[in-house]
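Single-structure report; data block below.
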Amino acid sequence: MRRRARKRNDDMNYRNLMFWTGGVLLISVIVFGITYAVYSSKVKNEARVSALNTKKVGELIPSLQTTIENDTETASTVIGKTVNEMQETNDAANVQVEEEKTKLIEENIECVEEEQEEAQELPKEEQKKELKFISPVEGEILKAFAKDSLVFSETLQEWTTHIGIDIKAEKTTVVKASERGIVKSIKNDPRYGLAVTVEHDDGFKTVYANLLTAEFVSEGESVKQGQTLGTVGTTATFEASDEPHLHFEIWKDGEAINPNIYLK
């Protein structure tokens, strides 16, 4: 009986041992399988990443190589220039700049000289023009200028001075401006009748007296040389006995001067 009971116990212990041993082996196999699967997946991922990185590096290498080559060529070109060549280039540029400066200075000097010449010539031309008075009417001189001497007056029947000239002309003959200027006054003079006074540049003025009419101009009006001022008449009381004529005077800076000096 004891032997049987012992045998049963031994068989039970053997089965328990086999059960636990099999369980441990099964668990070990499962753990190994899970570990292998995880490790294999990780290895595959690392291999994929490595392949991608290798591909990107392969794409970047030609671009980097081209950039390096270009930079190398540029550097070689710059370095290839000798110091003498660079100095010659700088000298040529400096010479060109100096030539441009000299050219501009010469042009400015020429412009200034031309302006100065024009400024100097213009007043001379204007002054000459101011002296070119024309005769207001065409005719012979009936009575000459006599500022410092005496002439006989048929009207007054005496010897008197005469600060103008009397130019013979038919009544209603057109009287023209001797030179350009501005009409200073139109009035009836008690001695020389209806008179027009025109002021000119450089202190000159002209007087046209013994007129019949003067309605062609007005006081303050600018007139040109040869423009009609009026017509010849017989309004001068001091010269009423004389033939129809124009009494003409030229003044310079407030002093009566001989018109024959300036009439051309």
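The values are calculated or read from the model by the stated rules, or taken from the named source; none is laboratory data. Since the structure is predicted, the reported quantities are computational estimates derived from the model, not experimental observations. In this analysis, Cβ positions are derived from the backbone assuming ideal geometry, glycine residues included, and neighbour counts consider all displayed protein chains.
Would you mind stating whether Glu179 is in contact (Cβ under 8 Å) with a residue 12 or more places away in the chain, assigned to a loop (DSSP other than H, G, I, E, B) and farther than 22 Å from Ile261 by Cα? The answer is no for Glu179.
Being modelled with pLDDT of 95 or more and in contact with a helix residue (DSSP H, G or I) (Cβ under 6 Å, 6 or more places away or on another chain) holds for only one residue in Ile250, Ile182, and it is Ile250. Suppose the filter is modelled with pLDDT of 60 or more and within 60 Å of the chain's Cα centre (by Cα); does Glu117 pass it? So Glu117 fits the description; yes.
Condition check for Asp242 on (1) modelled with pLDDT under 95; (2) in contact with an Asp or Glu (Cβ under 7 Å, 6 or more places away or on another chain); (3) under 23 Å from Tyr262 (Cα atoms): one failure, at (3).
Among the residues of the stretch 179-202, is any more than 14 Å from Glu239 (Cα to Cα), within 45 Å of the chain's Cα centre (by Cα), buried (at least 20 other Cβ atoms within 10 Å of the Cβ) and among the acidic types (Asp, Glu)? Scanning the stretch 179-202 turns up at least one residue that is more than 14 Å from Glu239 (Cα to Cα), within 45 Å of the chain's Cα centre (by Cα), buried (at least 20 other Cβ atoms within 10 Å of the Cβ) and among the acidic types (Asp, Glu). Being surrounded by fewer than 19 Cβ atoms within 10 Å (Cβ to Cβ), in contact (Cβ under 8 Å) with a residue 60 or more places away in the chain and closer than 14 Å to Thr228 by Cβ is a property that Thr155 lacks. Considering Thr237, Thr206, Thr231, the condition of being in contact (Cβ under 8 Å) with a residue 40 or more places away in the chain, crowded, with 20+ Cβ neighbours inside 10 Å, hydroxyl-bearing (Ser, Thr, Tyr) and more than 16 Å from Gly139 (Cβ to Cβ) is satisfied by Thr206 alone.
Of the residues in the stretch 136-157, how many are part of a loop (DSSP other than H, G, I, E, B) and β-branched (Val, Ile, Thr)? Qualifying residue count for the region: 2. Of all residues in the stretch 154-165, those being touching a helix residue (DSSP H, G or I) at 6+ places or on another chain (Cβ under 7 Å) and closer than 15 Å to Ala240 by Cβ number 2. For Thr160, the stated conditions do not hold, so it cannot be described as farther than 20 Å from Gly254 by Cα, at pLDDT below 95 and in a loop (DSSP other than H, G, I, E, B).
Within the stretch 209-227, restricting attention to residues that are in contact (Cβ under 8 Å) with a residue 40 or more places away in the chain and within 38 Å of the chain's Cα centre (by Cα), the residue that is surrounded by the most Cβ atoms within 10 Å (Cβ to Cβ) is Val223. With respect to the conditions (1) within 20 Å of Phe145 (Cβ to Cβ); (2) in contact (Cβ under 8 Å) with a residue 60 or more places away in the chain; (3) not hydrophobic (A, V, I, L, M, F, W, C), Tyr192 lacks only one, and its number is (2).
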